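*Asks:* My structure is below; once you've seen it, I'll send some questions.
The values are calculated or read from the model by the stated rules, or taken from the named source; none is laboratory data. Just so it is clear, the structure is predicted and the values come from calculations on it, not from any experiment. In case anyone asks, the SASA skips ligands and DNA or RNA and just uses the protein heavy atoms, side chains included. Shrake-Rupley method; radii C 1.70, N 1.55, O 1.52, S 1.80 Å.
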Amino acid sequence: MSHSVAGEPPSAGRRAAPLTTAAYSAAEWDLLTDLPGRVLVAAASPGPGRPPRGVAAGLAGLDAVAAGRAFDSDLIRAVVTAIYARHDGAGVRLERLTDLVDLLAAARAAVRVLRRRADPADSAAYRQWVESVAARVCRAGEASSSPADRRFLDRLAGALDLR
C-alpha cells in the first residue's frame, strides 16, 4: 500500500478499516508508538554542533507527527491514533529525553519488528514518516540545518534502514 507525502491528501482508495494492533505485542506496540516522540525530542535537543531549537521546531515536530493521520497507511494512522489517545493525556511524550545511542537502538528495534509483522509498504511508510518528523524539526525556525543536524538525520535514516 502506498502512502501520501505529509501535507498531501490521502489517496481515494485507502482502506476504511483501521489496523488492528493484535499483530503486535504490547512491547512492540509501545516501541512503535513511542519512537516518533523520541525522535522529535532528540531532533529538538541541542547537541555538539547543533543549534538550540525554539518553540517553532517543537511545533513543527508535533505537526509532522499529526500529519501521519493523512497518510495512506493503516499502520501510521493507528500509531497516530494511539499516540493521541493515551490515557495519560500526554499525547506525544515530550518529557522522555533520550540520548542518540538509545534512540538509534530503538529505531533499529522498530525496523526488526516491522520486518516481522508489518506489510512492507506500511513498514516503509512508517520509517519514512518517522524520519520526516526529525527532518521537519531540524529545518524549522530560524536556525538552518547544520552539518551536525545532517549527521543526525543520516544516522537516523541508517538506523531506520532508509539508506
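*Asks:* For Gly47, list long-range residues whose amide hydrogen, built 1.01 Å from N in the peptide plane, is under 5 Å from its own amide hydrogen.
*Replies:* Under 5 Å from the amide H of Gly47: no residue qualifies.
*Asks:* Another question, if that's okay. Evaluate Rg over Rh across the range 28-76, taking Cα atoms for both radii and Kirkwood's formula for Rh.
*Replies:* Here Rg/Rh amounts to 1.05.
*Asks:* Could I ask something else about it? Report ³J(HN,Hα) in whole Hz for each residue of the range 24-35, in order, from the Karplus equation J = 6.51 cos²θ - 1.76 cosθ + 1.60 where θ = phi - 60°; Gly and Pro get x.
*Replies:* Karplus-based 3J(HN,Hα) across the range 24-35 equals 10, 6, 4, 5, 5, 5, 4, 4, 5, 7, 7, 4 Hz.
*Asks:* When the chain is fully extended, how far beyond the present Cα-Cα distance does Ala23 get from Ala148, taking 0.36 nm per residue of separation?
*Replies:* 41.3 nm
*Asks:* Turning to a different aspect of this structure: For the full complex of protein chains and a 1.4 angstrom probe, list Arg136, Arg155 by accessible area with the highest value first.
*Replies:* Arg155, Arg136
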